[in-house]
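Written below as structure tokens is the structure these notes are about.
Each value in this text was obtained by applying a stated rule to the coordinates, not by laboratory testing. These numbers were taken from a predicted model, which means no experiment stands behind them. As a convention, Cβ positions derive from the backbone with ideal geometry for all residues, glycine included, and neighbour counts pool all protein chains shown.
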Amino acid sequence: MREELTAAVKQAMKDGDKLRVETLRMVQSALKNKDIEARGVGKTVSPDEVLSVLQKLIKSRQESVELYRKGGREDLAAKEEAEIAIISGFLPAPMSEAEVKAAISDMITETGAASIKDMGKVIAGLKTKFAGRMDFGSASGLVKAALTG
């Protein structure tokens, strides 16, 4: 993915797309910070952690869009949405609702979860298998529903 980012920055520079260059450089900077943080504890950054960084960047931009809209700043909201679109291009395709429900069912069986008390085990298993592809905010509600009823 890092090679993809580097190639995308070069292409954006050739195309003269300033917003894309700025956004991709910001992504590279966030990944470099994660590398430095991991190096401090003697680890390397896994692909799942890279996806997590991208998701955090998108989430912060989504929050900014809401704030800008409340403040009547459509211009800044549009810029943030454009950045979200650029960053999202590097994430794997999200799972459909049917795929999420099937994955939850499989994980409940795999972990032997029987009650709501086992929800943490199920969510942890899903996060290890489907990081970057599943929205865990909505998935937790589905896990809760599956375990309670």
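Note the angle between two axes, namely the Cα long axis of helix 97-111 and the longest principal axis of the Cα atoms of the chain, as a number of degrees from 0 to 90, rounded to the nearest 10.
50
Once phi is turned into θ = phi - 60°, what whole-Hz ³J(HN,Hα) does the Karplus curve with 6.51, -1.76 and 1.60 give for every residue of the range 55-72, x standing for Gly and Pro?
Listing the rounded values in order: 5, 5, 4, 5, 4, 5, 5, 5, 5, 5, 4, 4, 5, 5, 5, 4, x, x Hz.
Largest first and to the nearest Å, give the Cα extent of the chain along each principal axis.
55, 43, 26
Per DSSP H run of at least 4 residues, take -39500 (n - 2.57); add these up for the chain, divide by its residues and hand me the 222 nm value, nearest 500 deg cm²/dmol.
It lands at -26000 deg cm²/dmol.
Roughly how many nanometres apart are two label points built 7 Å out from the Cα toward the Cβ at K121 and A102?
Simple spin-label model gives 2.4 nm for this pair.
Starting from the Cα of A93, step 7 Å along the direction of its Cβ; do the same at T128; then give the gap between the two resulting points in nm.
Computed distance between label sites A93 and T128 equals 2.7 nm.
Jot down the radius of gyration and Dmax of the range 97-148, Cα atoms only, both in angstrom.
9.5, 26
Mind giving me the FRET efficiency for E81 and A30? R0 is 25 Å, r the Cβ-Cβ distance, nearest 0.05 is fine.
0.85
Give me M119, M26 ranked fewest to most by other Cβ atoms within 10 Å of their Cβ, as a rough exposure proxy.
Fewest to most other Cβ atoms nearby, the residues stand as M26, M119.
Contour minus end-to-end for Q62 and E4, with contour as 0.36 nm per residue of separation and end-to-end as the Cα-Cα distance?
18.5 nm
Would the range 2-88 count as rounded, prolate or oblate if I go by the C-alpha gyration tensor, calling it rounded below 1.5 in a/c and otherwise prolate when a/b exceeds b/c, oblate otherwise?
It is oblate, given that a/c is not under 1.5 and a/b is not larger than b/c.
Report, in degrees rounded to the nearest 10, the 0 to 90 angle that the Cα long axis of helix 74-88 makes with the longest principal axis of the chain.
70
What's the angle, to the nearest 10 degrees (0 to 90), between helix 136-148's Cα axis and the longest principal axis of the chain?
The helix 136-148 is inclined about 10 degrees to the chain.
Can you spot the lysines whose alpha carbon is less than 26 Å from K79's alpha carbon? Ignore those fewer than 8 places along the same chain.
Hits, sequence-local ones excluded: K10, K14, K18, K32, K34, K56, K59, K70.
Quick one: Karplus J couplings for the range 5-18, per residue in order, coefficients 6.51, -1.76, 1.60, θ = phi - 60°, nearest Hz, x for Gly and Pro?
4, 4, 5, 5, 5, 4, 5, 5, 5, 4, 7, x, 8, 4
Using a simple charge model, +1 on the beta-carbon of Lys and Arg, -1 on the beta-carbon of Asp and Glu, nothing else, what dipole does the chain show about its Cα centre, in debye to the nearest 20?
Here the size comes out at about 360 debye.
Name the residue, out of G42, G125, G16, whose mean-square fluctuation peaks in a Gaussian network model built on the chain with Cα pairs under 10 Å.
The residue with the greatest mean-square fluctuation here is G42.
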